[in-house]
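Data block below; observations after.
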Amino acid sequence: RKEVEQDPGPFNVPEGATVAFNCTYSNSASQSFFWYRQDCRKEPKLLMSVYSSGNEDGRFTAQLNRASQYISLLIRDSKLSDSATYLCAVNMGSGRAGGFKTIFGAGTRLFVKA
Amino acid sequence: DTGVSQDPRHKITKRGQNVTFRCDPISEHNRLYWYRQTLGQGPEFLTYFQNEAQLEKSRLLSDRFSAERPKGSFSTLEIQRTEQGDSAMYLCASSPPTGSNTEAFFGQGTRLTVV
């Protein structure tokens, strides 16, 4: 089983739609959670961190469910510019004191159509 | 530019040759990561440094791969006897020494093509 798994894509949605992505992680000791955005042939960039109480940034809402070990990302009122790959990421201990590594899911491709 | 810098941006090499990539992290970041990414996949963890110490190396990583960070600043990733399956984007990322709840900042990557 992969350490971080995401919904298979692609998601094709019209402008203005609401779309949700889910992600599960296997290591219950995982400590921090993130969503990254990656545009075609570009490096990943942080979209938002995911906090235990859930958090919102404009049209984007992230949720964390530690009991079920999944995180989600909701995008409301989709824009053409939201078309990208969304990567779920989890920080976990690297096996040595004080060390952390970030493990990524395979990503979910989103296409927003006019 | 104070972001993560990788060099070269592109590398084409013949099978069997050795290649070396360089990463310069953000100056105050003590954590440095190498990832490999192929088309349609997320970044795959390769190895992690905290200062000059290599704290973890993926079990999936062949012995042909080695990474160093001799002075805790820049890092190099070497691939010996390259194979066509090594063709991928090699991404470097760094993060600051402020606990686990910190994002990774990525460089633009080195795209390797083995012919």
Looking only at segment B:79-112, count how many residues are away from every other protein chain (no Cβ under 12 Å) and farther than 21 Å from A:Glu43 by Cβ. 6
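When you scan segment A:50-68, do you find a residue that is within 7 Å of another protein chain (Cβ to nearest Cβ), under 13 Å from the mean Cα position of the chain (by Cα) and at negative phi, even just one?
Going through segment A:50-68, the residues within 7 Å of another protein chain (Cβ to nearest Cβ) turn out to be none.
The answer is no, given that none of the residues of segment A:50-68 is within 7 Å of another protein chain (Cβ to nearest Cβ), under 13 Å from the mean Cα position of the chain (by Cα) and at negative phi.
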Restricting to segment B:20-45, and then to whatever is among the polar types (S, T, N, Q) and in a strand (DSSP E or B), can you tell me which residue is surrounded by the most Cβ atoms within 10 Å (Cβ to Cβ)? B:Gln37
Qualifying strands (runs of 3 or more DSSP E) (wholly inside chain A; at least 1 residues being within 20 Å of B:Glu103 (Cα to Cα)): A:4-6, A:19-25, A:32-38, A:45-50, A:55-57, A:60-65, A:70-75, A:84-93, A:100-104, A:108-113
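Select from segment B:1-19 the residues that are in a strand (DSSP E or B), hydrophobic (A, V, I, L, M, F, W, C) and under 14 Å from the mean Cα position of the chain (by Cα) and list them in ascending order. Outline the logic, then answer.
Kept after step one, since they are in a strand (DSSP E or B), are these residues of segment B:1-19: B:5-7, B:10-13, B:19.
Within this subset, residues satisfying the condition of being hydrophobic (A, V, I, L, M, F, W, C) are B:12, B:19.
The one that is in a strand (DSSP E or B), hydrophobic (A, V, I, L, M, F, W, C) and under 14 Å from the mean Cα position of the chain (by Cα): B:Val19.
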Scanning segment B:44-78 residue by residue, those within 13 Å of chain A (Cβ to nearest Cβ) and either of a type in the set (Val, Ile, Thr) or touching a helix residue (DSSP H, G or I) at 6+ places or on another chain (Cβ under 9 Å) (or both) turn out to be B:Thr47
Restricting segment B:59-78 to residues that are modelled with pLDDT of 90 or more and under 23 Å from A:Met92 (Cβ atoms), the one surrounded by the fewest Cβ atoms within 10 Å (Cβ to Cβ) turns out to be B:Phe65
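The values are calculated or read from the model by the stated rules, or taken from the named source; none is laboratory data. What you see is a predicted model, and the numbers here were worked out from it, not measured in a lab. Note that we place each Cβ from the backbone using ideal geometry, even for glycine, and neighbour counts take in every protein chain shown.
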